[in-house]
Every structure is written in C-alpha cells, then in structure tokens.
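Notes to accompany the following structure.
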Amino acid sequence: MQVYKDTEKIALTAILLAVTIILSWAETVLLTNLPTGVKLGLSNITIMTAVIFLNGKTGLILTILKSGFVFLTRGVIAGAMSLSGGIFALLIIFLLLKKTDCSYVFVSVTAAVCHIIGQLIFAVVITESVYVLAYIPVLLLASILSGILTGLILGAVVTAMKSISKKR
C-alpha cells in the first residue's frame, strides 16, 4: 500500500505546514509584549515533528515555506531573518534527532540558540555592525527558556502522535 503511505505523508506535511503558519502568525499577533526579536518559537515544534516523523527534506520545505510566509506578512528583512535562523536551527535539529539520542528539550534548546546565532550573523552582515551582538544576553536567555517550553511541548506531541499511530 505505498500509495496510502505517500498520501499519508502528504497529508501530514500539509497539516504541519498549516499549523506552522498558524503558530507563526499567532506569535506575531498575540505576543506583542515580548522584547524586540524575542519569539517563543512555537512553530519550530512542527519543524521538529516533521524531522521526527517524516524526514529532514520535509523539515527544510516547511522551514522555507514558513520563512516565505514571514516574508509576505512581515517583510523582506523578517523573512530573511527567519530563513537564516531557521536553516541553521534545522541543521542542528536534523543532526541531533537523527544522529544522537538527545532529549527533545536539549534538541529544542540547542536549535533555539542556533536559530538566534543564525539571525545574529545575518543581522551583522546586513547592518555591517557588530553592535547588534550586544543583544546576545537577552536573546540567549529567551532562546533557552523558549527552547525548554517548545521541547516539553514537542515531547507531548510526539507521545500523542505515536499513541495515535499505534491505534491504527
């Protein structure tokens, strides 16, 4: 039943993309009281879920499409920041999830920190100034805290999805 499996993968990818976009939008609209540049990274839960249940290629596609959504809704710089951080974080997510036996919280925190690093590298290049690096302490603290939150949520999502797949 290869056709069924392919259809199932396409459907899961579409659902993950929809949830990614909704979470990205919700963070932007609902969490306006956070310091500039600080996000919870909830949409990264779906990227990690894609890598766990599908593959790294699907994670890459979701990362690119999420960044495209950010580009369309928040502008060129925000889209480029999303992509620069997202690609770096995805590489770490893929390596840690596929090549090691790390906890979801560790993977999530590491990915959040790498996401910030990727964005800061882009910010230094685009502004031609290292002064943006002065914001590192705030962003690192935020990425560690958000990484813990998203890692805990990811663990619950993975457990639920495995439970559902066992019942089928």
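Worth a mention:
- Number of the exception - Thr73 against (1) over 16 Å from the mean Cα position of the chain (by Cα); (2) surrounded by 16 or more Cβ atoms within 10 Å (Cβ to Cβ): (2)
- If the condition is being buried (at least 18 other Cβ atoms within 10 Å of the Cβ) and among the β-branched types (Val, Ile, Thr), then the range 79-112 contributes Ile92, Ile93, Val107, Val109, Thr110.
- Sole residue being within 16 Å of Val51 (Cβ to Cβ) and of a type in the set (A, V, I, L, M), chosen from Leu133, Leu83, Leu95, Leu140: Leu95
- Close pairs (9 angstrom Cβ cut-off, 6 or more residues apart or separate chains): without any contact (Cβ under 8 Å) to a residue 24 or more places away in the chain and closer than 9 Å to Thr46 by Cβ in the range 14-31, of a type in the set (A, V, I, L, M) and buried (at least 18 other Cβ atoms within 10 Å of the Cβ) anywhere: Leu23/Leu40; Leu23/Leu42; Leu23/Ile45
- Residue within the range 109-128 that is on the phi < 0 side of the Ramachandran plot and among the acidic types (Asp, Glu) present: no
- Candidates are the residues of the range 122-139 that are surrounded by 15 or more Cβ atoms within 10 Å (Cβ to Cβ) and hydrophobic (A, V, I, L, M, F, W, C); the one that is modelled with the lowest pLDDT is Val132.
- Residue satisfying condition, being β-branched (Val, Ile, Thr), over 14 Å from the mean Cα position of the chain (by Cα) and modelled with pLDDT under 95, within set Ile10, Ile21, Ile52: Ile10
- Residue match in the range 142-149 (condition: in contact (Cβ under 8 Å) with a residue 24 or more places away in the chain, of a type in the set (A, V, I, L, M) and either touching a Leu at 6+ places or on another chain (Cβ under 6 Å) or within 22 Å of Ile77 (Cα to Cα) (or both)): yes
- Once the range 114-159 is narrowed to residues that are part of a helix (DSSP H, G or I) and of a type in the set (Ser, Thr, Tyr), the residue that is nearest to the chain's Cα centre (by Cα) is Thr150.
The values are calculated or read from the model by the stated rules, or taken from the named source; none is laboratory data. Bear in mind the structure is a predicted one, so any value in this text is a computation, not a measurement. Ideal geometry is used to build each Cβ from the backbone, glycine not excepted, and the neighbour counts take in all protein chains shown.
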